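S.K.: So that we are looking at the same thing, I have put the structure below in structure tokens.
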Amino acid sequence: MQPRKPRQPFANARFFPAAALYAAFLLPGSVLILFGLVPALPGLATPAGHAHEMLFGFALAVIAGYLLGPQPLRFTLTLLGCWALARLSFLLWPGSWLALASAATFAAGLAWKVLPRFLGAAKKWRNQSVAPVVAGLSLLSAIASGGFGAGFDRLMLEEALLLIAALMFFMGGRIIAPAIAGYAQSRGWRLDARVQPHIEGTVLILLGLALLLNLLPWSLSRQLTGVLLVAAGVLTTIRLLRWRPWRCMRIDLLILLLGYTWLAVGLLMLGLGTLRPTLPLNATLHALSVGALGGLTFAVMARTRLIYRFRDPTVHPRLQAAALLLSLAALARVLPALLNQPQQGWLLLAAGCWSLTFLTLVLLLWRCRDAHADSPRHPTDR
């Protein structure tokens, strides 16, 4: 009988704490720079730099941790080192060859490991759609780190936000549907509407078309993009309501559903803002970035590590409840912009809530350390 091979550690054991720590300090640092309280880092001197690090720094680290799965420790640490170098070089020398090279190396390593798993193993086109989304994000992260001009960078950031929205819609649904179904069964009721493949496929197509139309310079294409985004938001809302969220009273499910609600609201607001430029851009973007991206990434990181470590996503409910502060942070960014109110105090409130939430997540992840010794199921199996 041959000896059993040692299990490889999960990449999320390293990437999730790094992403949570970076998130905890990125937004407060940007606010302090905006108010002139600390010297401005070159990479965060503009709102585009802040958005760049939210999408290609924080969000891409979470995506890497979730999708890489078990990997050799040396590879995980090398890839994490490339990510950290890309962050440092962008903050200090944006547009430099070092920022471009480190971001490109990280993106290439991520794509090399993730793409074959979805293109080769997945049979349905909806599952295979993860591959082009990850490939697009990887390519955009490398290009945007090169600093090719303000107009071009803004377009790349818009495309990246739409790609991340598509990934949140798909992966969020694949986590939430089985989680609620299992909860429903334990409570004596049945959830019939689970993945909802027709809605899932339609929204993925709508977001894909919006991605393509957003690249075109014509006013008609922009109007069509807005219509597609509104339709995607409406269908996301229908999918969410068919999960009967009002019957889910467990904290891990509540924060997942709250993040998905912000995704639906964010898609609707982004579509309406595209159709009607009078709608403040700050409101539409922060509904997606703070509410949806912040809420869903917190929920996914916490749930994944708790299942890997304890086989139970309901452990440490008080720490998980800190995610509710992310919705307060989103409201503090969205409502003042919609009401045309002074935003300085609200910005400080949003930054404080965001930072406190992700520092709490760092503590939660610390309590879930050493999970690589386990042999868990994937979190979407629940």
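S.K.: Counting only complete DSSP H runs, which helices of the chain cover 20 Å or more along their long axis at the Cα atoms and score a mean Kyte-Doolittle of 1.0 or above? Present the calculation step by step, with values, prior to reporting the outcome.
M.R.: Details: long enough: 12-34 (33 Å, 1.44); 73-92 (28 Å, 1.48); 97-116 (29 Å, 1.28); 130-144 (21 Å, 2.14); 150-186 (52 Å, 1.11); 197-213 (24 Å, 1.87); 219-242 (35 Å, 1.07); 251-275 (36 Å, 2.00); 295-310 (22 Å, 0.67); 324-338 (21 Å, 2.07); 344-367 (35 Å, 1.40).
Passing helices, by number: 12-34, 73-92, 97-116, 130-144, 150-186, 197-213, 219-242, 251-275, 324-338, 344-367.
S.K.: Give the accessible surface of segment 1-136 per residue, rounded to a whole number of Å², with probe radius 1.4 Å and ligands, DNA and RNA excluded. Please report the intermediate quantities before stating the final value.
M.R.: Working: 6500 Å² over 136 residues.
Normalised by residue count, the accessible surface of segment 1-136 is 48 Å².
S.K.: By its C-alpha gyration tensor, with a ≥ b ≥ c as the square roots of the eigenvalues, how is the chain shaped: rounded for a/c under 1.5, else prolate for a/b larger than b/c, else oblate? All intermediate terms of the calculation are to be shown ahead of the outcome.
M.R.: Working: a/c = 1.32, a/b = 1.13, b/c = 1.16.
Rounded shape, in that the Cα axes give a/c under 1.5.
S.K.: Give me the percent of accessible area attributable to carbon and sulfur for segment 8-148, probe 1.4 angstrom.
M.R.: Values: 4290 of 5780 Å².
Solvent-exposed carbon and sulfur of segment 8-148 make up 74 percent of the total.
S.K.: Might you tell me the accessible area per residue for segment 168-369, computed with a 1.4 Å probe and given in Å²?
M.R.: On the way: 8570 Å² over 202 residues.
Value returned for segment 168-369: 42 Å² of accessible area per residue.
S.K.: Given the rule -39500 (n - 2.57) for each run of at least 4 DSSP H residues, summed and divided by the residues of the chain, what is its mean residue ellipticity at 222 nm, to the nearest 500 deg cm²/dmol? Before the final figure, lay out each step's value.
M.R.: Numbers: 16 runs with 265 residues, N = 382.
Using -39500 (n - 2.57) per qualifying helix, the result is -23000 deg cm²/dmol.
S.K.: What number comes out for the charge environment of residue 192, summing +1 per Lys or Arg and -1 per Asp or Glu over other residues with Cβ under 12 Å away? Please list the in-between numbers first.
M.R.: Values: positive: 190, 194, 242, 244; negative: none.
Computed value for this residue: +4.
The values are calculated or read from the model by the stated rules, or taken from the named source; none is laboratory data. Here the structure is a predicted model, which means the values were calculated and not measured. Every residue, glycine among them, receives a Cβ derived from its backbone with ideal geometry; neighbour counts consider all protein chains shown. To get the accessible areas, we keep the full protein, side chains included, count just its heavy atoms, and leave off ligands, DNA and RNA. Shrake-Rupley method; radii C 1.70, N 1.55, O 1.52, S 1.80 Å.
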